[in-house]
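Below: the structure, in structure tokens.
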Amino acid sequence: MSTLTGAGRRKSRLGWNLLGLLVFAVAGFPLYWMLNTAFKPAKDAIDPDPSLLPTGITFANFGRALDIADFWGPVGRSLVVSLAVVVIGMVVGLLAALAISRFAFRGRKIVIVGILAVQMVPLVAMIIPVFLLLNDLGQYDRLTGLIITYLTFVLPFTVWTLRGFIVNIPKELEEAAMVDGCSRTGAFLRVVFPLLAPGMVATSVYGFIQAWNEYLYALMLLSQKNQTATVWLGNFTTKHGTEYAPMMAGATMMAVPIVALFLLVQRKMAAGLTAGAVKG
């Protein structure tokens with residue numbers, strides 16, 4: 001009986017492993033195809049019968065990507081916008097999450113529901129009101145206007161996520177520190193903040209990715225001279241067709257900051273994700 005049970009467990013484990021490999025293959029194939037196309041000769045990228053395996057390796061596509069339009073300008077602007085959104089979002093979002101997690105005030109539930117409701121509104125539904133508002137404020141075609149716009153959807157995500165991390169930290173830890181002589185601010189800085197750091201890192205990374213990868217608002221609210229990296233990729237599509245190999249090379253270069261960020265904070269990310277169970 002135990003032998004049959006052990007065999008059943010092994011089959012079940014094998015089945016789950018195969019399912020995991022299938023999910024990994026499906027999720028990872030677009031990334032593989034991007035890299036494969038970026039390094040293959042341009043003529044092979046438009047082959048109607050493409051090969052799954054690399055047929056040749058060339059770096060010419062990266063040179064073409066850098067020559068077709070200004071690359072470092074859009075990347076620099078994307079970095080400025082993304083970092084500004086993360087910094088402002090984390091400061092404001094942390095204070096807001098702390099308020100709705102630790103303090104009871106009138107309208108608290110309405111605020112929480114409002115945060116969830118804002119995240120359910122499609123971004124495309126707000127493009128015209130946002131355009132008109134920024135135009136009236138003199139922020140059209142400015143990075144500051146784009147930063148403000150991005151905060152409208154990054155902030156609710158940041159507040160809701162940080163709230164989940166904060167409520168997971170027992171209030172008794174703060175109360176014990178206050179009994180020992182700490183102020184409320186001192187208790188937060190000495191007790192809560194170190195425990196919250198992994199969650200803040202995880203939230204910051206996802207906020208950075210949201211701002212870095214956003215395309216629609218960057219396209220509609222900025223002119224070509226101020227375009228960001230995602231809009232810059234549109235330069236590879238012209239009236240003569242799309243240069244797929246240089247486009248994939250440009251997308252590969254755009255992915256480098258995200259990959260580097262993940263490598264730098266991967267340990268904090270893992271700790272933050274495992275500590276972020278929402279309760280309360």
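Modelling each spin label as a point 7 Å along the Cα-to-Cβ direction, I'd like the W72/T55 distance in nm, to one decimal.
My value for the distance between the label points is 3.5 nm.
Evaluate the charge dipole of region 1-116 about its Cα centre and quote only its size in Debye, nearest 20, assuming +1 on the Cβ of each Lys and Arg and -1 on the Cβ of each Asp and Glu. Present the calculation step by step, with values, prior to reporting the outcome.
Working: 12 positive and 5 negative charges, 206 e Å.
It comes to approximately 980 debye.
With the dipole of the chain worked out from charges on the C-beta (+1 for Lys and Arg, -1 for Asp and Glu) around the Cα centre, which of G181, L196, L52 lies farthest toward the positive end?
G181
Modelling each spin label as a point 7 Å along the Cα-to-Cβ direction, I'd like the L95/A197 distance in nm, to one decimal.
My value for the distance between the label points is 2.3 nm.
What's the long-distance tail for region 120-272, i.e. % of Cα pairs beyond 28 Å?
For region 120-272, the share of Cα pairs beyond 28 Å comes to 42 percent.
Hey, what did the chain get for relative contact order, percent, Cα under 8 Å, at least 6 apart?
Relative contact order of the chain: 30 percent.
Given the C-alpha atoms of region 97-152, compute the convex hull and give its volume per residue in Å³. All intermediate terms of the calculation are to be shown ahead of the outcome.
On the way: hull volume 5.9 nm³, N = 56.
Measuring per residue, one finds 105 Å³ for the Cα hull of region 97-152.
What is the helix-to-structure angle for 244-274, meaning the angle in degrees between its Cα long axis and the longest Cα principal axis of the chain, kept from 0 to 90 and rounded to the nearest 10?
With both axes taken from Cα atoms, the answer is about 20 degrees.
By how many nm would the segment from V259 to L132 grow when fully extended, if each residue of separation counts as 0.36 nm and the alpha-carbon distance is taken off? Walk me through the intermediate numbers first.
Working: separation 127, 0.36 × 127 = 45.72 nm, distance 3.56 nm.
Here the answer is 42.2 nm.
Can you give the charge dipole size of the chain about its Cα centre, rounded to the nearest 20 debye, using +1 on the beta carbon of Lys and Arg and -1 on the beta carbon of Asp and Glu?
960
Averaged over every viewing direction, what's the projected area of the C-alpha convex hull for region 107-204? Give it in nm², one decimal, please.
Values: hull surface 34.0 nm².
Here the figure is 8.5 nm², rounded to one decimal.
Find which of P257, L221, S12 sits farthest along the positive direction of the dipole of the chain, computed with +1 on the beta-carbon of Lys and Arg, -1 on that of Asp and Glu, about the Cα centre.
Checked the options; the winner is S12.
For the full complex of protein chains and a 1.4 angstrom probe, list F59, F105, F39 by accessible area with the highest value first.
Ranked list, largest accessible area first: F59, F105, F39.
How big is region 13-170 by the Kirkwood estimate over distinct Cα pairs, in Å?
Across region 13-170, the inverse of the average 1/r is 20.3 Å.
Within the chain, how many Lys pairs sit with Cα atoms under 25 Å apart, leaving out pairs fewer than 8 places apart on the same chain?
8
What is the diffusion coefficient of region 5-62 in µm²/s, taking the Kirkwood radius over Cα pairs and the Stokes-Einstein relation at 25 °C with a viscosity of 0.890 mPa s?
177
In square angstrom, what is the accessible area per residue of the chain with a 1.4 angstrom probe?
Details: 16500 Å² over 280 residues.
That works out to 59 Å² per residue.
What's the ranking of 9-18, 159-168 by average number of surrounding C-beta atoms within 10 Å, highest first?
Per-residue Cβ counts within 10 Å, averaged per peptide and sorted highest first, yield 159-168, 9-18.
As a check on your grasp of the helix formula, calculate [θ] at 222 nm for the chain: sum -39500 (n - 2.57) over DSSP H runs of n ≥ 4, divide by the residue count, round to the nearest 500.
Roughly -24500 deg cm²/dmol at 222 nm, from the helical runs in the chain.
Suppose every Lys and Arg Cβ carries +1 and every Asp and Glu Cβ carries -1, with no other charges. What dipole size does region 37-172 come out with about its Cα centre, to the nearest 20 debye?
Dipole about the Cα centre, nearest 20: 800 debye.
The values are calculated or read from the model by the stated rules, or taken from the named source; none is laboratory data. No experiment lies behind these values; they were computed from the predicted model shown. Note that we place each Cβ from the backbone using ideal geometry, even for glycine, and neighbour counts take in every protein chain shown. Note: accessible area is taken over every heavy atom of the protein model, side chains too, but ligands, DNA and RNA are not part of it. Shrake-Rupley method; radii C 1.70, N 1.55, O 1.52, S 1.80 Å.
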